[in-house]
Amino acid sequence: MGIVHSEIVLKNAWDAGNAEKGLVPEKEVRTVAVNALVDTSAGTLVINEEIRQRLGLSIKGLRESTLADGSKETYQVTEPVYVQWENRDTACMAVVIPDADNVLLGAIPLEDMDLIVDPVRQRLAGAHGDKVVSLIM
């Protein structure tokens with residue numbers, strides 16, 4: 001399978017929640033559109049420090065992470081961020097790799113949005129077509 005990128009929108013989840021409640025205007029929701037690298041071997045969402053700052057995300061703690069080369073590093077983890085792909089969305093914490101070149105869209109947000117990688121077309125697709133199905137086991 002080749003490399004797959006996809007356009008996603010990231011939003012500060014607290015801002016978005018406050019906008020939904022009418023506490024702040026929608027235009028004040030800190031939002032970033034990015035061309036993410038879809039990485040099914042990454043566990044979650046990975047962003048860099050610039051994107052964390054643009055979204056105004058607070059740091060909630062540290063997490064030891066294993067990188068693709070097998071090395072282990074400790075990185076900061078943010079408060080929840082909304083991830084939107086087309087008509088699907090989810091919220092998850094993000095691991096911050098300060099100088100990362102790419103945003104990585106990992107397995108947890110992919111699963112929650114019921115997305116798979118279509119290896120033939122090299123793009124994201126709904127695992128169950130246009131219908132989002134949540135697996136509860």
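So what is the calculated 222 nm ellipticity per residue for the chain, using -39500 (n - 2.57) for each DSSP H run with n of 4 or more, over all residues, to the nearest 500 deg cm²/dmol?
On the way: 3 runs with 21 residues, N = 137.
Helix contribution divided over all residues of the chain: -4000 deg cm²/dmol.
Mind putting a number on the dipole of the chain about its Cα centre? Charges go on the C-beta only, +1 for Lys and Arg and -1 for Asp and Glu, and I need it in Debye to the nearest 20.
So the dipole magnitude of the chain works out to roughly 180 debye.
For the range 82-137, what does the relative contact order come out to in percent, with C-alpha contacts under 8 Å and a separation of six or more?
The value is 24 percent.
Setting aside same-chain residues fewer than 8 positions from residue 27, which lysines have a Cα under 18 Å from its Cα?
Within the straight-line limit of under 18 Å, residue 27 reaches these lysines: 11.
Please compute the contact order of the chain in relative form: average sequence separation of alpha-carbon pairs under 8 Å and at least six residues apart, divided by the residue count, as a percent.
The normalised contact order for the chain reaches 28 percent.
Just one of (i) 44, 38, 30; (ii) 60, 27, 24; (iii) 37, 34, 31 is Cα extents along the principal axes in Å calculated from these coordinates, so which is it?
Recomputing Cα extents along the principal axes in Å here picks out (i).
Label-point separation (nm) for residue 35 and residue 18, each offset 7 Å from Cα along Cα-to-Cβ?
Label at residue 35, label at residue 18, 3.3 nm between them.
For residue 45, enumerate residues with amide H under 5 Å from its amide H, sequence gap 5+ or separate chain, H modeled in the peptide plane.
For residue 45, whose amide H was placed from the backbone, the distant partners under 5 Å are 95, 106.
Of 11, 27, 60, which is the most mobile in a GNM of the chain whose springs link Cα atoms less than 10 angstrom apart?
27
Taken together, the values in this text are just the output of simple stated rules run on the coordinates, not laboratory data. Since this is a predicted model, take the numbers as computed values, not measurements. Cβ coordinates were reconstructed from backbone atoms using ideal geometry, including for glycine residues, and neighbour counts include every protein chain displayed.
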